[in-house]
Amino acid sequence: MHFVSSCLIFWNDYPSASSTSDLGAKSPEIRGVTFGYLAKRGQGETLRKAGRINIQYQRVPCYYKASLKFKIDTGSNRHYLAFVVENVNGDGDLGFVEISPSSSKGSWLAMQRSFGATWKLDIPRGTEGPYSLRLTSLQSKKTVVANNVIPANWAPGQSYVSNVNL
């Protein structure tokens, strides 16, 4: 039997059906065309039609040649902020994301994981940017601060790049 080893980077940017299934929240879920790319040339459709398949996988550290990037969710507004965190070095799983408005003088508000790499917060009244973000890795517990990375005039759908990474 011949086995092929590959490194594949993917993440869900939508709520996963597997997060409530018997597979559990930590199981990867690959859908549609993406799954077809794992097949031999010309066999993508056959693989997609196979249904649920057990895949052996292992999480490995990633090291991007880029800083952390925060893409603001299109549903965000001045009362609700959600964003996807991209280019996370190291173990790639964030355990904590906290936000601090420039006016708070160092106090941090804990954000909640919405799904996948998306974090959210109901913004307290009177709170305005720019916002700094403190991110802590789940496995290594390494912490970095992206100072004033989300500007006061942030907009849904926009991305903001920090100057730090884990």
| query | Taking the stated definitions as given, is residue 106 under 19 Å from residue 77 (Cα atoms) and assigned to a loop (DSSP other than H, G, I, E, B)? | reply | no
| message | For segment 57-75: of the residues being outside any strand (DSSP E or B) and within 23 Å of residue 128 (Cβ to Cβ), which is least open to solvent (accessible area, probe 1.4 Å)? | response | 68
| message | Going through 27, 16, 21 one at a time, which residue ends up being touching a strand residue (DSSP E or B) at 6+ places or on another chain (Cβ under 9 Å), open to solvent by less than 60 Å² (accessible area, probe 1.4 Å), at pLDDT below 85 and not assigned by the TED database to the domain that holds residue 132? | response | 16
| request: Check whether at least one residue in segment 76-93 is farther than 26 Å from residue 32 by Cα and in contact with a Cys (Cβ under 8 Å, 6 or more places away or on another chain), and report yes or no. | output: yes
| field | Whichever residue in segment 128-141 is modelled with pLDDT of 90 or more and open to solvent by 20 Å² or more (accessible area, probe 1.4 Å) and, among such residues, is nearest to the chain's Cα centre (by Cα) | value | 134
| query | Which residue pairs have Cβ atoms under 6 Å apart, sit 6 or more places apart or on different chains, and have a first residue in segment 33-61 that is under 23 Å from residue 92 (Cβ atoms) and a second that is part of a helix (DSSP H, G or I) and open to solvent by less than 100 Å² (accessible area, probe 1.4 Å)? | reply | 35/48
| said: List pairs: first residue in segment 76-97 and more than 17 Å from residue 132 (Cα to Cα), second residue among the charged types (D, E, K, R) and open to solvent by 40 Å² or more (accessible area, probe 1.4 Å) anywhere in the structure, Cβ distance under 6 angstrom, at least six positions apart or on different chains. | reply: 87/69
| Does residue 89 satisfy being buried (at least 18 other Cβ atoms within 10 Å of the Cβ) and in the same structural domain as residue 156 (by the TED database)? | yes
| task | Filter segment 100-123 down to the residues that are hydrophobic (A, V, I, L, M, F, W, C) and closer than 22 Å to residue 64 by Cβ, then identify the one that is farthest from the chain's Cα centre (by Cα). | result | 111
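The values are calculated or read from the model by the stated rules, or taken from the named source; none is laboratory data. This is a predicted model, so every value here is computed, not measured. Because the Cβ atoms are built from the backbone with ideal geometry, glycine has one as well, and the counts that use them run over all protein chains shown. When the accessible area is computed, the model is the full protein with side chains, heavy atoms only, and any ligands, DNA or RNA have been set aside. Shrake-Rupley method; radii C 1.70, N 1.55, O 1.52, S 1.80 Å.
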